[in-house]
Amino acid sequence: MLLNGKAEDLSKYSKVKYAAQLFVDKAKEVWEYSDLQIRCIYLISDLAKKGNGVFSIAHSTFKNMFEQRFDMKISPSTVRRFFGLMEKLGLLSINEAKRRNNSQSANIYIVEQQSDHQQGSIETLPPCEHPQEHPPEPLNTSFQEVNDKQKPLINTVNTVKQDVDQDKIIFDAYLEFKESRIDKSLFNKVLAQVLKNKEIRNFGAYLRGALKKVMRYKDANDGTEFFDESRIKVDTSKIPFYYDWIDG
């Protein structure tokens, strides 16, 4: 358990020579985010500045800062799940912390990796710049957080749940197979082929079976034959490949 303190005290836990834009660049390299999620990344990138990539904040405080900065609502559970996503992607580590009097305090977050580009070659953002405050409505409205006062139809609720369940399956499969030499490009191609089959009864089992088949092919070659990804020829540009971590 780490000892919490001021930003200058937390900097001793730093693992990188932190640069906010390099962190944002790395985050964009490893995942495709919803509009709400990308705003969370910009806020995190600013919070980590004073502590050289280390910061401490309660979920409730992050929620309030997010809503004040972007004039958007975000739920506490969405904040919690988003930090969980950042840790699963290897961008941040979440560390329990205590105060000097040994009482429990807010978690300490440590930036684990950022882009290795030269900082001077990157066009940095002006202070406080962030994405457009009121972006166009996304095509997939099922990922938007629903106002508590709205009363959607039962069919709409069921559709949203199905979409979220499927995207969570995709998310979990990506994390599982990215450690097995299947990068995001190849994963998307396999996913596109699976999504074309409308007769699948068990989507998760079918997707994992397809990915395992690709792995068996690569392992059978034992490195003697390059796996030709171009054999899977599909247009993946319109695949909604992200999981928005809305309340289930």
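Pairs Lys15/Lys50; Lys6/Lys63; Lys50/Lys178; Lys88/Lys212; Lys26/Lys88; Lys17/Lys63: which exceed 23 Å Cα-Cα?
Lys50/Lys178; Lys17/Lys63, as the Cα separations exceed 23 Å there.
List every residue whose amide H lies under 5 Å from the amide H of Glu32, counting only residues 5 or more places away in sequence or on a different chain, with H placed 1.01 Å from N in the peptide plane.
Sorted by chain and number, the residues that satisfy this come to none at all.
Run the simple label-point estimate for Ser103 and Asp172 please: 7 Å along Cα→C-beta, distance reported in nm.
It is 3.9 nm.
Per residue of region 39-55, in order, report the coupling 6.51 cos²θ - 1.76 cosθ + 1.60 (Karplus, θ = phi - 60°) as ³J(HN,Hα) in whole Hz, putting x for Gly and Pro.
Running phi through 6.51 cos²θ - 1.76 cosθ + 1.60 with θ = phi - 60° gives 5, 4, 5, 5, 5, 4, 4, 6, 4, 7, 5, 5, x, 6, x, 10, 8 Hz.
How much length would be gained if the chain were fully extended between Ser93 and Asp46, taking 0.36 nm per residue of separation minus their Cα-Cα distance, in nm to one decimal?
Additional length available on full extension: 15.3 nm.
Sort 79-85, 212-218 for me by packing, meaning the mean count of neighbouring Cβ atoms within 10 Å per residue, highest on top.
Per-residue Cβ counts within 10 Å, averaged per peptide and sorted highest first, yield 79-85, 212-218.
So if we plug the beta-carbon distance of Thr61 and Ile200 into 1/(1 + (r/R0)^6) with R0 = 51 Å, what FRET efficiency do we get, rounded to 0.05?
Using R0 = 51 Å, I get an efficiency of 0.75.
For an R0 of 35 angstrom, estimate the FRET efficiency from the Cβ-Cβ distance between Arg181 and Arg80 and round to the nearest 0.05.
The pair Arg181/Arg80 has a calculated efficiency of 0.65.
No lab work stands behind these numbers, since they all come straight from the coordinates. No experiment lies behind these values; they were computed from the predicted model shown. Glycine also receives a Cβ, built like all others from the backbone with ideal geometry; neighbour counts cover every protein chain displayed.
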